[in-house]
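The block underneath contains the structure these notes are about, expressed in structure tokens.
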Amino acid sequence: MNRILVPQDYDYVGIYLTDKCFLKCAYCLTSHHGAEFLNKHGAVHFSAAEWICGLNRFILPKDVPISLQGGEPFLYRGIWEILENVTHKVDIMTALPPGLTREHFLKLKTLDWNRRPAPYPTIRVSYHKGQNDFKELVDRIASLNDILSIGLYYLTHPSISDEEIAAMKLYAKEKGVELRAKDFLGLYQGKMYGELKYPGSVDGQCKGSTVYCRNTVVPVASDGRIYRCHSDLYFNREERSLGNILDDRFEFPQEHRACSFFGLCSECDVKIKTNHLQEYGYTSVDIRFSQQ
């Protein structure tokens, strides 16, 4: 198998180890527009050995890690073997499932995967209002602070009050835990949240016209399929996948490719946000409304 060169302008390599999650957020991005990504019956999951083989083929852009996520990546039992054997730096998006402790990390042969100069915590723990307790999360993160780059991100759900945010900031500061905000995206009580580059892209219905897209993120499903965008991943559009990380040969397309699903885009692809260097103004997908 050849090495897989990730183009230099790509910003993110998201590895969806599993579709399982222990939270039940009604506003989860993976379920927008009726997608059924989480907790699918019969979903195929790579073994740890398959992930290690596939991930170690990647040649990544400078300062871009692989990002393990899901679902909840720590519900995937092979994550510890991956962390010990992958050759890249690793970020993890997690909600810290119950039972995950300091001892799990100390049993690893190495924590080098977590050590890189980054302008943010490389293990990003999510606080979702109504799903977990921020004080418990802060306490657990504080117990890991001396061995890991780890911090807490609260989702700016409209139902969170200024008083709650102030209490979170105070408690995190007292415990020495880095706290940051993560934008809530999507509809809430008839209002759309998030600064989106392309009007109409997340209306929830196809517009009936073809657009041409080039994305600079790499979403990889639990079966190793590489998708063009998060919408294709969340809707499980296997026929539109670019290939698999275990294909004998794989190359990322450089051209804009036709898409008839404009209107069902994922907010995380069309949002104006920061890139991996924390520079604001980045949007991962470039959409052209006529072929050029």
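Of note:
- Between GLN254 and GLU239, the simple label model (points 7 Å from Cα in the Cβ direction) yields a spacing of 3.0 nm.
- Remark: the Cα gyration tensor places region 232-292 in the prolate category, a/c being 1.5 or greater and a/b exceeding b/c.
- Taking every DSSP beta bridge that has both ends in the chain, the antiparallel portion is near 40%.
- Region 253-275 residues near the modelled SER209 label - backbone nitrogen below 15 Å, point 7 Å along Cα→Cβ: 259-264
- The alpha carbon gyration tensor of region 176-223 gives principal lengths a ≥ b ≥ c with a/c of 1.5 or higher and a/b no greater than b/c, which makes the shape oblate.
- Under Karplus coefficients 6.51, -1.76 and 1.60, residue-wise ³J(HN,Hα) of region 60-66 in Hz, glycine/proline x: 8, x, 4, 6, 9, x, 8
- Computed [θ] at 222 nm, helices only, for the chain once each DSSP H run of length n ≥ 4 contributes -39500 (n - 2.57): -4500 deg cm²/dmol
- With the simple spin-label model, which puts each label point 7 Å out from Cα in the Cβ direction, the LYS182 to ASP63 separation comes to 2.2 nm.
- Reachable aspartates and glutamates, given that their alpha-carbon falls under 14 Å from the alpha-carbon of LYS40 and they are not under 8 places away in the same chain: ASP19, GLU72, ASP223
- Subset of LYS129/LYS273; LYS107/LYS169; LYS89/LYS182; LYS182/LYS207 violating a 24 Å alpha-carbon distance limit: LYS107/LYS169; LYS182/LYS207
- Whether region 22-168 is rounded, prolate or oblate, judged on the alpha carbon gyration tensor where a/c under 1.5 counts as rounded: oblate
- Backbone phi angles across region 242-250, fed through the Karplus curve with coefficients 6.51, -1.76 and 1.60 (θ = phi - 60°), yield HN-Hα couplings of 7, x, 9, 5, 9, 4, 4, 9, 8 Hz in residue order; Gly and Pro are listed as x.
- Residue-span extension gain [ASP9 to ALA26] - 0.36 nm each, minus C-alpha spacing: 2.8 nm
- Förster radius 22 Å - calculated FRET efficiency between LYS173 and ASN39, Cβ distance, rounded to 0.05: 0.05
Any read-out appearing in this document is the output of simple, stated calculations on the displayed coordinates, not a laboratory observation. Nothing here was measured: the structure is a model prediction, and the numbers come from that model. Positions of Cβ are generated from backbone atoms using ideal geometry, with glycine treated the same way; all protein chains shown enter the neighbour counts.
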